[in-house]
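Single-structure report; data block below.
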Amino acid sequence: MLSDFVMGKTTDKDERKRALAACRERLAAQQQEIKAKKLGVLVLLEGWGAAGKGSLLGEVINEIDPRSFKVHAIAAPTEEERRKPFLWRYFVKTPEKGLFSFLDSGWLGETVRQHLAGELDTAAMTRRIGSINTFERQLADDGTLLVKCFLNITRKEQAKRIARLEEDKDTAWRVSGEDERENERYDEYRDAFDAALTATSTTYAPWHVVDAGERAEARLALMTILTGAIDAALAAPRAPAAVPQNRFPLLPMPRLAEVALDKELDKGEYNDRLEAAQKRLRELHNRLYRKKVPLILVYEGWDAAGKGGNIKRVAAALDPRGFEVLPIASPEPHELAHHYLWRFWRRLPKDGHVAIFDRSWYGRVMVERIEGFCAQNDWQRAYNEINEFEAELSAWGAVILKFWIHIDPETQLARFHERQANPEKQWKITDEDWRNREKWPAYEEAVDEMLQKTSTTYAPWHVIESRDKKYARVKTLELIVGALEEVL
């Protein structure tokens, strides 16, 4: 893309002025159209150091209502960001539907520079490119428009701009050591940028190379690309995205009807095994923190199955400074305006910490599927998207365990009646619990499909027999301990 890009093309000054005015007028109108159609627009500006990304971005956003966009200047990752998955700081900056997000530099530039600095070997670079393409495809499938532009300048022009910036003490700070390394190793960086641009230019998120040698020409090119991409997205009918084949290593899982629920423990054995498992988990949590291994526990299950008590016994064994329990309720309006995984990316733990999700992203293929909160195509795609999400977390180094807390309808009914009869527990039973109970067969079918399609070798499901809550608590704790001992 860069190697065969022709630099130095110019437009007649008057023609350029008319074209730029037309773009400005069109962009002003498009703001209302993307709000009406709930089209999120993510604009990524990459390019050479001193290519003028910031100034060009400033000129573009001057044409947009400031309430309609957010600008994110991406610098080297902070210590906090380094303790999260690579894509975390980008996923959380994706736009709400109907709004713009502008990124001054982003995931491609960071990846190329890490590769050339020796932080990513060839195999890691290949995996990173795959992660980027998956990330962009998920956003596009959800209806986000990605507009990606690379600002290109020659080595001579870059050197001239760096020197000009360094001459003025008020602008010298804008020149980084990375900018100077780029210019010194220009050909090497050009080849690396070229390979990465080619590998991540897709039908759903193509790259546009912009000649940034002359500012007025670059401004017109950028405005033309942006308004043209928005017009194309607004005009195109929203077709359901393809549902990809599952390419992940799956584990065999029983159907819920095949799981025997007659497991139980007497009080003495329960107390002994509980104490031993909690003690061991406490020791492993210290090692987890020292080795910076994140642990993600996902709890799903039937209403009144005992998730809360189970979580309580796990949490009791953990250092309170190193874990968080995340109860997941219905999404808030601003969460609905993003990709459904956005609110879970935001809640990921730092490395060495534990996140316990009480309900999770699996709502997409259960309650949202059954209650009609998303289209059939959305929940059918979600199995693959969830496997991709969890694969990204696993590659980051996370240990992921998922528990389906299982009971039968008779046990649930008895516990519902017990809650209603106990004033201290009445808050736990709601009209929604009774409505969900009426849909037990539909939920069971959905859970069976979820278990079959998302129990992977790197993020396995475990069905926890919870007719006897004591047995369920001990089994869950021992599974966590076993998984951590294997990893640590």
Residues of region 120-143 classified as in a loop (DSSP other than H, G, I, E, B) and under 14 Å from the mean Cα position of the chain (by Cα), total: 1
GLU388 vs. criteria surrounded by fewer than 21 Cβ atoms within 10 Å (Cβ to Cβ), touching an Asp or Glu at 6+ places or on another chain (Cβ under 8 Å) and part of a helix (DSSP H, G or I): no
Some residue of region 45-67 being in the same structural domain as ILE230 (by TED's automatic domain parsing) and under 21 Å from THR134 (Cα atoms): yes
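Out of all the residues in region 288-332, which are within 25 Å of TYR443 (Cα to Cα) and without any contact (Cβ under 8 Å) to a residue 40 or more places away in the chain?
Scanning region 288-332 gives VAL325, LEU326, PRO327, ILE328, ALA329, SER330, PRO331, GLU332.
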Top-ranked residue in region 258-274 [being surrounded by 12 or more Cβ atoms within 10 Å (Cβ to Cβ) and charged (D, E, K, R); ranked as nearest to GLY322 (Cα to Cα)]: ARG273
Cβ pairs under 8 Å, 6+ apart, first in region 226-241 and closer than 14 Å to GLU33 by Cα, second basic (Lys, Arg): THR227/ARG26; ASP231/ARG26; LEU234/LYS37
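So that you can scan it fast, the table gives a plain yes or no per residue for (1) among the hydrophobic types (A, V, I, L, M, F, W, C); (2) in contact with a Cys (Cβ under 9 Å, 6 or more places away or on another chain); (3) more than 29 Å from PRO95 (Cα to Cα); (4) crowded, with 18+ Cβ neighbours inside 10 Å:
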| position | (1), (2), (3), (4) |
| --- | --- |
| LEU297 | yes, no, no, yes |
| ASP303 | no, no, yes, yes |
| HIS353 | no, no, no, yes |
| SER360 | no, no, no, yes |
Residue within region 248-270 that is in the same structural domain as ALA459 (by TED's automatic domain parsing), at pLDDT 95 or above and hydroxyl-bearing (Ser, Thr, Tyr) present: yes
Among the residues listed as GLU166, GLU180, GLU217, GLU188, the single one being closer than 26 Å to ALA29 by Cα, among the charged types (D, E, K, R) and part of a helix (DSSP H, G or I): GLU217
Per-region count, region 179-194, residues within 18 Å of MET125 (Cβ to Cβ), surrounded by fewer than 16 Cβ atoms within 10 Å (Cβ to Cβ) and in contact with a helix residue (DSSP H, G or I) (Cβ under 9 Å, 6 or more places away or on another chain): 2
Check on TYR471, buried (at least 20 other Cβ atoms within 10 Å of the Cβ), in contact with a helix residue (DSSP H, G or I) (Cβ under 8 Å, 6 or more places away or on another chain) and on the phi < 0 side of the Ramachandran plot: yes
Residue list for region 343-370, restricted to those being closer than 23 Å to ASN286 by Cα, in a loop (DSSP other than H, G, I, E, B) and not acidic (Asp, Glu): ARG347, LEU348, PRO349, LYS350, GLY352, HIS353
Segments classed as helices (runs of 4 or more DSSP H), wholly inside region 403-488, with at least 1 members that are without any contact (Cβ under 8 Å) to a residue 40 or more places away in the chain and over 30 Å from ALA276 (Cβ atoms): 409-421, 431-438, 440-454
Which listed residue, of GLU335, GLU324, is in the same structural domain as PHE357 (by TED's automatic domain parsing), of a type in the set (Asp, Glu) and in a helix (DSSP H, G or I): GLU335
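The values are calculated or read from the model by the stated rules, or taken from the named source; none is laboratory data. These numbers come from a predicted model, not from an experiment. Cβ atoms come from the backbone with ideal geometry, glycine included; neighbour counts cover every protein chain shown.
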